[in-house]
Structure formats: structure tokens, C-alpha cells
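The next block holds one structure in the form of C-alpha cells; read it before the comments.
The values are calculated or read from the model by the stated rules, or taken from the named source; none is laboratory data. All figures in this text were calculated on a predicted structure; none of them were measured in a lab. Here the Cβ positions follow ideal geometry from the backbone for every residue, glycine too, while neighbour counts run over all protein chains shown.
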Amino acid sequence: MPSISLGLTNGIRILILFVVTARPTDPGLRWIRPPQQARSQETLDRILDAAEVLIAAKGFDDTPISEIVSRAGSSVGAFYTRFEDKDALIHALYERFLEQAMATSDVALDPDRWAGCGVGEILDSVVRFLVSIYREQQGLLAAFAIRTRTHPEFRARQERLSHYVSEQLCALLLARSEEISHPDPAVAAAFGLTIVFNTIESTILFGEMRSGALSFDDDQLATELVRSYLAYLGARAPSPDA
């Protein structure tokens, strides 16, 4: 079964390495970051990078502009040259996040990457990756999630990303429909992913575990989500030595 090791550098520069004993030729996965901008944009890049790191660690409301520009080696004046206010900054961060997320999805969910893998192996790796991303970027993703609930523009962008990722993952799962016993595999694949995303968001970003009897660490959360998703699909869990 693939395991995932995450390293975080400059905000959401996340490298995901799959160590696969049974399939040593599998390429590693990584968070895709587009090439750096031209030199005239270097200050903007530094401000965005600094904001990503600080907001991920402290949350949006507890990260002052002065601390962002200090970390970026810039100035408050340079910040306001590029952003009308702090809300404009979160819009810019979200645009960059969406671009990176879509690029990452293209690579991570490329069908060739998962040749020879079953539904259980795919979901185990993908769900654990998602849990790790949400934990690493808890403050930043919480700021995004709050705005998707109140800002139509944010919500429209989030829906576009969700559809993009869902379409690619569902295509992987439906290519293995013989492993799925749910009467409507397409509905099950899409709805199962929605349950996974909503549970990760409410549990990690907002600490909303509905039952006081449950207290999961991230590994347990990922394990139970994979088990639930597979059971809903009517698919087998991956074997321990996969």
C-alpha cells in the first residue's frame, strides 16, 4: 500500500512521495507549482509566499499585514501598491491555490500513474493525501472555506475546482467499475468523494466531530474515511501487502 510523506516549503509547495514496495517504478507525486513570475513580480510572489506560510500556521484573522511584509522582506507600502486590502490578498492567494490544485490533480490523478492499481489502493492513497494537505494548510484552507460560504465569487471558484477534481477521480474509479457493486457506480463515486471532502473540512478545519464519542487522529480519520467510501461503493479494501 502506498505511504505518503509530505514536506512543506513556502506555503503550499508540497511534495508527496509514494514509497511503493510492490511497484518500485511508480513515479512520486508532488504539489505542482507553476514557474516563477518575471522579475517585476518577485515582490508579489514573496508577499504571497509569506502570507501562505503565516496564514496556514496562524489563521487569516491572526496574521497582520505587518508580519506578512516583514517575512517577505518587503514593506506595508509595497503591499498596498499591489492589494487594496487584506481581503484582496486572500482573493489572490485563492486564485494561485486553484491554479496549483488543478495542476496537481492533473498529475496525481493521471490514469497512467495508477495502472495496475485497484479502487482500494487509489482511495487509500488519495484520501490520506487529502487529510495531510488539509492538516498542513489548516489555517489557509479554513480562510478559503469561510469565504466560500459567504462570497458567491469564492463559491463559484470552489465549485469549479470540486467538479474538476471529482471528474478526474471518478474517471479513475469508473474505469474499475467491475470492482464496484453499488447499483449506480457514477453516483456512488461522486457522492462518496463529496462525503470525504465535507468530513475532512468540518473535522480538520473547524473541529466539528459530531459525536463526542469519537476522537480521531489524522491517520484514524483517513482510515475510517477510506473504509466508509469503499463500503459505500461496495468495493474491497486494499490488501495489507499491496
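Can you say whether Ala50 is out of contact with any Pro (no Cβ under 9 Å at 6 or more places or on another chain), surrounded by 19 or more Cβ atoms within 10 Å (Cβ to Cβ) and at pLDDT below 95, as far as the supplied structure shows?
no
Cβ-Cβ distance below 7 Å, separation of 6 or more or different chains: which pairs start in the range 157-173 with a residue that is without any contact (Cβ under 8 Å) to a residue 40 or more places away in the chain and end on one that is aliphatic (A, V, I, L, M)?
Ser166/Ala190; Ser166/Leu193; Cys170/Ala186; Cys170/Ala189; Cys170/Ala190
If the Cβ limit is 8 Å and pairs must be 6+ apart or interchain, which residue in the range 194-205 that is more than 11 Å from Phe216 (Cβ to Cβ) pairs with which residue that is at pLDDT 95 or above and aromatic (Phe, Trp, Tyr)?
Qualifying pairs under 8 Å: Ile195/Tyr229; Ile195/Tyr232; Val196/Tyr229.
For Pro238, only one of the following conditions fails: (1) crowded, with 16+ Cβ neighbours inside 10 Å; (2) closer than 22 Å to Thr104 by Cβ; (3) at pLDDT below 95. What is its number?
All conditions pass for Pro238, except number (2).
Taking the range 63-80 on its own, how many of its residues are in contact (Cβ under 8 Å) with a residue 12 or more places away in the chain and not in a helix (DSSP H, G or I)?
Residues that pass the stated criteria total 3.
Quickly run through the range 96-131 and pick out the residues that are part of a helix (DSSP H, G or I) and without any contact (Cβ under 8 Å) to a residue 12 or more places away in the chain.
The one that is part of a helix (DSSP H, G or I) and without any contact (Cβ under 8 Å) to a residue 12 or more places away in the chain: Asp112.
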